[in-house]
Every structure is written in structure tokens, then in C-alpha cells.
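The values are calculated or read from the model by the stated rules, or taken from the named source; none is laboratory data. Given the structure is predicted, the values throughout are model-derived calculations rather than measurements. Note: ideal-geometry Cβ built from the backbone for every residue, glycine included; neighbour counts use all protein chains shown.
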């Protein structure tokens, strides 16, 4: 069976110094079901990006060449690639002019003419290629061997805690439709016509259950903490803390248009652990001495949040994962800068040469544009680096950027998206500095914002 697969041509913009990703990193669940067992199951932070395979070479994969174009953003193929990096396995796939077609994952290769790898998102098999679908935070990505002979994917539901010698009621359904599935095997039992079954555990521990049935992809695992009576749930066997990763853009405008920092994270627990239940997320100003930590999200099961941030400020964000036994991870920390908007009072434009334009895709939905030489903008700041946020334009002109007397010229001719072209200064000694931007003509230029590192 053949699937249409289109690959997106995303231009990763040349940033003079630290650059931001083309799209916002997103946390998704990735599961890979092989011929006889689960190869990988974990949360992965992924993003639209160039992908390299041994057979297919290097091509971008972020949705932008779908018909019509979508994204840029994370895709099932980028999630597979990041899962391979995280899980320490390889995958391969040929390039068919517009998309990759996965042919081998973790050493398990397709077997033509009937058995091929395929991908489901939230239980539904994609009718486009793995680079043509944009993932959202929390999506469930399922790669399955011999996927095209399957009529769907199983979902196993039941309590995640119980006591020894007490029956546990389970239910198996079709992931996409919710229809009950009879005759599915779960452990030592089989589901009835309503998709239900029960199990009894005689020993404490953390049990990992899956539902299986021919013609359907096996379910994701259900972890059940089994404890003796009168013992707090999930505490009798789990003594190990989970781990957590965090992602935040170096410059907040790279992942959003307004005064929020998009932060995402993912936690993992060891195979015998009770599983991550909640997260604690906090922020603090790093450009203000002794600034306190403030809550962004407390006891949340989510893996993404938007932290309010003050224009022209720098923030540190941290997250902890807490498992069901109450074990807390060490904090994971990231930093992000909230830039100064082109309409901010700190940024001073010359009286002639600039026009303020409303633009939906720009930071705070406006840019300052100049079309001729001689227009200037000045920012006096205290910090260690300044980065101009702009974009390339068809027929774009040039900017001269001068910082403390040192100058460089930047050409903005080309094609680009709002907030994606970042022009950073060299690192500076901390102190007060003056940044001056001057237009050199030969076409229009835009200033969207300027970010300052403390």
C-alpha cells in the first residue's frame, strides 16, 4: 500500500549568534510497537527540523510543503527521529521526493509486499506522510509494524492503584472510536463483549499491563501500583525519583507573538517506577537581584505552559516532576529573554524614515519599517548582549548595526517568517551600552523587537 508523503521546505534562518528554533518545541507521547513487543514508549520534546537517514539523505521535515502548506511545526517523523536519539536506536527511510517513508526502526525492517511501518496520531492512521501533519502538545504518536493490516489501535483503561487480592476492573476499546473490543487479552484474562475484564494481584508491586488482539495494534501500557491494605498507594515499592527535561526559547518571541514565554517539559520514570503524576513549574527574573521564584503551574499534569513575562526582561524557568509515590526529581532549568517591542519606550526611532505597520505575525503584532537609507533606531541598555529581531524580505535592504562603536552590515534580502531572523551582537562586558541601527537602503527593512541579555 502506498501513502502520499510530502516534505516541508523550511528555511532555517541564518542567525549571526544564538538562534531560535524555526518552530516551538512540543512535548508529545511517542510509542513504537514492533513485531512482538514495544520498542519505545516515552514523552519526547520535538520540533520541525531537518532529518537525515542513511537511505534518504537530509531533508527538512516540518509541514511547510504540505498542500496547502502548514506549520512550521513538529511532525510524526520529527517525533520518531527525536525518540531514536532519546532511546538510543536507529531508524531509516527512503526519500520519495516529498517525504520520508520509514522502512526500518530499531533493527526491525519492513517485509514487502505486505508488512510496512505506519503511523497513527491519537489512534487514527494518517492519510498523509510523516512530515505533513503538525503535532500538538500532548498528542499520542504511535508507530506500528505491519500497520496497514491493522484496523485500529487498542486502548486499555483501568485504575492505576489497587490492593492485593482485590479485583481490578479493566476495559479495552478502540482508541479512535471508543468502541468496546471483545476477546482482547490483558495479562491472564480476556475481555468480554463489553470490552471488560478483571484481574487480581496477590503480591505488591508496579504491574505493567497491555491489551492485545490480532488485527489491532497492542495498547499502550497501564501501570498499576499494587500495595497491601492500609498502605498509601504506590508507596510500598517505589523509592526512586523521576527525571525531567525542560525546553524554552532563548528569545521568547521566537515561539510566540505576545508577552508570554512558551515553556514545555517532559518527565520520565524508570520502568519499575510508579509513573510521573504531576509537575511543579516556576519562574524568576534573572535581571533583578534576589528576585523570588513565582509559580507558573503547581501540581499540573500538563507538559506545556505560557509564563507571563515583562518586556525587556530575562527569566529563569524551572520544573520538577513528581511521581505517584511522591518522589520529586531534581529541577530542570532553562533561560529565556522577553524582547523590547518596536513600540517600547526604550527604543528610540528617528523622526523620519520609519512607518509603524500592523502585522499579525509580528511580535506584539507590529513592526517598524523603513524603505530608504538614513533612518535610525537607538537603544541604550545595561547587559551583556543585544539581539535584533527581524525577518528577511523579498527585495529587502540592508542594516548597519553599531554597538559601542563596532559595526557590521546585515542584508535582509530573501524570504523569511516573522520573528525568525535574529541578529545578535558579540558577547559584551556587563555594563551600559548603546546599540544603533541605521538603514542603508536598497530595499525595505523591518525592526520587530530587540532582546537584551543581562
Practice item. Report whether or not residue 361 is loosely packed, with under 15 Cβ neighbours inside 10 Å, closer than 18 Å to residue 338 by Cα and touching a residue at least 60 places away in the same chain (Cβ under 8 Å). Key: yes
Among residues of the range 302-329 being within 21 Å of the chain's Cα centre (by Cα) and under 25 Å from residue 232 (Cα atoms), the residue modelled with the lowest pLDDT is 302
Screening 257, 239, 285 for residues that are closer than 26 Å to residue 41 by Cα and surrounded by fewer than 23 Cβ atoms within 10 Å (Cβ to Cβ) leaves only 239
Within the range 301-320, residues being closer than 18 Å to residue 277 by Cα and surrounded by fewer than 16 Cβ atoms within 10 Å (Cβ to Cβ) number 2
Q. Condition test on residue 158, is it touching a residue at least 12 places away in the same chain (Cβ under 8 Å), in the same structural domain as residue 92 (by TED's automatic domain parsing) and either buried (at least 16 other Cβ atoms within 10 Å of the Cβ) or in contact with a helix residue (DSSP H, G or I) (Cβ under 7 Å, 6 or more places away or on another chain) (or both)?
A. no
| field | Test for residue 53: is it over 27 Å from residue 306 (Cα atoms) and touching a residue at least 12 places away in the same chain (Cβ under 8 Å) | value | yes
Taking the range 364-381 and keeping residues more than 12 Å from residue 447 (Cβ to Cβ) and without any contact (Cβ under 8 Å) to a residue 60 or more places away in the chain leaves 380
Checked 274, 264 against criteria (over 27 Å from residue 47 (Cβ atoms) and crowded, with 22+ Cβ neighbours inside 10 Å); the one match is 274
Pairs returned, first residue in the range 289-303 that is touching a residue at least 60 places away in the same chain (Cβ under 8 Å), second residue that is outside any strand (DSSP E or B), beta-carbon separation under 9 angstrom, 6 or more apart or interchain, are 302/137; 302/138; 303/137; 303/138
In the range 110-151, anything in contact (Cβ under 8 Å) with a residue 60 or more places away in the chain and on the phi > 0 side of the Ramachandran plot is listed as 138, 146
Exactly one of 174, 160 is under 32 Å from the mean Cα position of the chain (by Cα) and either at pLDDT below 95 or within 17 Å of residue 223 (Cβ to Cβ) (or both), and that residue is 160
Taking the range 121-149 and keeping residues in a loop (DSSP other than H, G, I, E, B), more than 23 Å from residue 304 (Cβ to Cβ) and either under 16 Å from the mean Cα position of the chain (by Cα) or modelled with pLDDT of 95 or more (or both) leaves 146
Residue hits (the range 321-337; closer than 15 Å to residue 284 by Cα and surrounded by fewer than 21 Cβ atoms within 10 Å (Cβ to Cβ)) are 331, 332, 333, 334, 335
Expected output for the range 408-437 (first residue assigned by TED's automatic domain parsing to the domain that holds residue 383, partner surrounded by fewer than 15 Cβ atoms within 10 Å (Cβ to Cβ) and assigned to a strand (DSSP E or B), Cβ below 6 Å, 6+ apart or cross-chain) is 432/382; 434/380
Taking the range 330-342 and the residues there that are within 15 Å of residue 451 (Cβ to Cβ) and not in a strand (DSSP E or B), the one that is nearest to the chain's Cα centre (by Cα) would be 338
In the range 425-441, residues that are buried (at least 20 other Cβ atoms within 10 Å of the Cβ) and either assigned to a strand (DSSP E or B) or modelled with pLDDT of 95 or more (or both) total 4
Residues in the range 185-210 that are part of a loop (DSSP other than H, G, I, E, B) and more than 16 Å from residue 156 (Cα to Cα) total 5
Picking from 257, 294, 280, the residue that is at negative phi and touching a helix residue (DSSP H, G or I) at 6+ places or on another chain (Cβ under 8 Å) would be 257
(1) at pLDDT below 90; (2) at negative phi all hold for residue 264 apart from (1)
